[in-house]
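Below is one structure, written out as structure tokens; the observations come after it.
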Amino acid sequence: MTEQTWTPLFRTPTPTVTKIVRSHAFLRSRERSVTIIENSEELRALADLVDTVDQASGPLAAVADRVAAAVRFLRDRANRLDDAAALTHNSPHMDDPKNSDAPSAGVATRERLLVASLHYLVTPDDLVPDFRAGGYIDDVLLLAWVFGVATNELTRYLADEPEDSGTAPLRTWPDGVSG
């Protein structure tokens, strides 16, 4: 067999995360994230919807701590938007406070990705519909990828102690010994 006539017996499928990111459902979520992230009421409504999803069991349990951190991010962003609006309302001579503390383009993109992934989570009509068996697998894969991309944006919203744990967290002493 010559090199020119050789063809592979099978083709490597597009990775699953790429399929999800390119799906119509996630593209819709990304479009919606642009308006959601600038509206405190929509941010809180999304946070409330995410809170209704069962994260303790099934595939979502694998990313439940990050989902909770992302919900805290949404609520904090909503509060900051309200504070900025109140500041602008009380001091109309000031520059727009949204622009004065505007994040870099990379940070803004990762924050929109967080919002889009949570919107995708609560949207029942996605790549694998949530009402089907295994319906949250695509959501978990997408969330895990986004949480990896937006690690810096989520770190400050992670809980210090695991929730519902009956044991005390380990302490690390200055000499590096745990106990």
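To keep it simple, each residue is scored yes or no on (1) surrounded by fewer than 22 Cβ atoms within 10 Å (Cβ to Cβ); (2) in a helix (DSSP H, G or I).
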position: Gly106; (1), (2): yes, yes
position: Leu114; (1), (2): no, yes
position: Asp125; (1), (2): yes, no
position: Asp130; (1), (2): yes, no
position: Val140; (1), (2): yes, yes
position: Leu143; (1), (2): no, yes
position: Gly148; (1), (2): yes, yes
position: Arg156; (1), (2): yes, yes
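Only one of the numbered conditions (1) in a helix (DSSP H, G or I); (2) open to solvent by 60 Å² or more (accessible area, probe 1.4 Å); (3) modelled with pLDDT under 90; (4) closer than 19 Å to Val122 by Cβ is violated by Asp54, and that is (1).
Applying the criterion of being modelled with pLDDT under 85 and of a type in the set (Phe, Trp, Tyr) to the residues of the stretch 1-51, the residue that is farthest from Leu113 (Cα to Cα) is Trp6. Is there a residue in the stretch 134-145 that is farther than 21 Å from Arg32 by Cβ and at pLDDT below 85? Checked against the condition, which is being farther than 21 Å from Arg32 by Cβ and at pLDDT below 85, the stretch 134-145 yields at least one hit. For first residues located in the stretch 77-88 and within 16 Å of Glu42 (Cα to Cα) and in a helix (DSSP H, G or I), partners that are modelled with pLDDT of 85 or more and open to solvent by 30 Å² or more (accessible area, probe 1.4 Å) and lie 6+ apart or on another chain with Cβ distances below 9 Å form the pairs Ala78/Asn39; Ala78/Glu41; Ala78/Glu42; Ala78/Arg44; Leu81/Glu38; Leu81/Asn39.
For the stretch 69-98, the tally of residues that are of a type in the set (Gly, Ala, Ser) and either at pLDDT below 95 or open to solvent by 80 Å² or more (accessible area, probe 1.4 Å) (or both) stands at 4.
The values are calculated or read from the model by the stated rules, or taken from the named source; none is laboratory data. Keep in mind it's a predicted model, so treat the numbers as computed, not measured. Every residue, glycine as well, gets a Cβ built from its backbone with ideal geometry; the counts of neighbours run over all protein chains shown. Only protein heavy atoms, including side chains, enter the accessible area calculation; ligands, DNA and RNA are left aside. Shrake-Rupley method; radii C 1.70, N 1.55, O 1.52, S 1.80 Å.
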